[in-house]
Amino acid sequence: MTLRLRIQTAVSLVYPARCLNCGGLVESDFGLCSACWRDTDFISGLVCDSCGVPVPGEDDGQHVECDECLSTPRDWSRGRAALAYGGQGRRLVLALKHGDRTDLARPVSAWMARAAAPLLADEPLLVPVPLHWSRLLRRRYNQSALLAQALAARTGCEWCPDALMRTVQTPMLEGRTRQERVTLLEHAIRPHQRMGYRVAGRHVVLIDDVLTSGATLSACTRACYAAGATKVSVVVLARVVTAL
Ligand SMILES: [Zn+2]
Ligand SMILES: [Zn+2]
């Protein structure tokens, strides 16, 4: 046994790998135990090219969109999600967002990298959805920025944490209609005065934790185009799936 292997073995005896979700013991690092794995809805197979939601049918390379994206076309060009928002997927998102589980960003970025692979081929610039500074002060971190940073480290893509800024603190969007959300977010997200130039001429991939109505990501998309981005895509950890 080499020294390196011996040290690794010693480390894993002292710090055995734990399930990200329930803390139970797992075989490999940065994974889920088999019970949590079964209750986590990883998105695979045929997906809507605009929002990443699973759609019925075989993946034969055709461009497909879900009913929601067909009836309300997205401002961005393509979108992908790693998980459906429910069960353990929802628990993980909430733990990352409100539970100080910043350690989750690195392992879940592997799932995002897999889902987002078709969107990352042309070396895009990863840009997180911004938080208003007052919310950032309260929460101490922006979960979307942690995800963008981890995805950048994993894929080698560039990222820019402050290309966009939230100039108005928008109230919570939960429980509001899509139109109300769009109105509330109008002008709330802008290119950063000093850093916004970095999106000019680039394919920008916006990173967020959850895609619900898409109103926030739409506002970010418009801000990126206003700052000269040539293309905007979105990648999220979890997609709220209302009906399949
Ligand atoms: Zn578990
Ligand atoms: Zn869709």
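The numbers here are math on the coordinates, done by the rules we state, and not lab data. Every value quoted in this text rests on a predicted model; they were computed, and no experiment measured them. Counting neighbours? That spans all protein chains shown, and the Cβs are built from the backbone with ideal geometry, glycine included.
Overview of values
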| read-out | value |
| --- | --- |
| Cut-off under 5 Å, modelled amide H: who pairs with Val53 long-range | Cys48 |
| The chain: relative contact order in percent, alpha carbon pairs under 8 Å with at least 6 residues between | 20 percent |
| Coil-residue trypsin sites (Lys or Arg not before Pro) of region 155-237, DSSP, other Cβ within 10 Å capped at 11 | Arg194 |
| Principal-axis tilt of helix 143-155 within the chain, Cα atoms, nearest 10 degrees | 70 degrees |
| Karplus (6.51, -1.76, 1.60) ³J(HN,Hα), θ = phi - 60°, over region 163-169, in Hz, Gly and Pro reported as x | 5, 10, 9, 9, 8, 10, 7 |
| Calculated FRET value between Leu137 and Ser34, using beta carbons and R₀ = 41 Å, to 0.05 | 0.55 |
| Extended-chain gain in nm, criterion 0.36 nm per residue less alpha-carbon gap, Glu123 and Glu180 | 17.1 nm |
| Residue-averaged 222 nm ellipticity for the chain, from DSSP H runs of 4+ at -39500 (n - 2.57), nearest 500 | -10000 deg cm²/dmol |
| Angle between the chain longest axis and helix 105-116 axis [Cα atoms, degrees, rounded to 10] | 60 degrees |
| Loop sites in region 10-116: GluC sites (Glu not before Pro), DSSP, at most 16 other Cβ within 10 Å | Glu27, Glu58 |
| For region 39-239, the spread of Cα positions along each principal axis, largest first, Å | 45, 37, 35 |
| Crossing angle, helix 3-14 versus the chain [Cα axis fit, 0-90 degrees, rounded to tens] | 80 degrees |
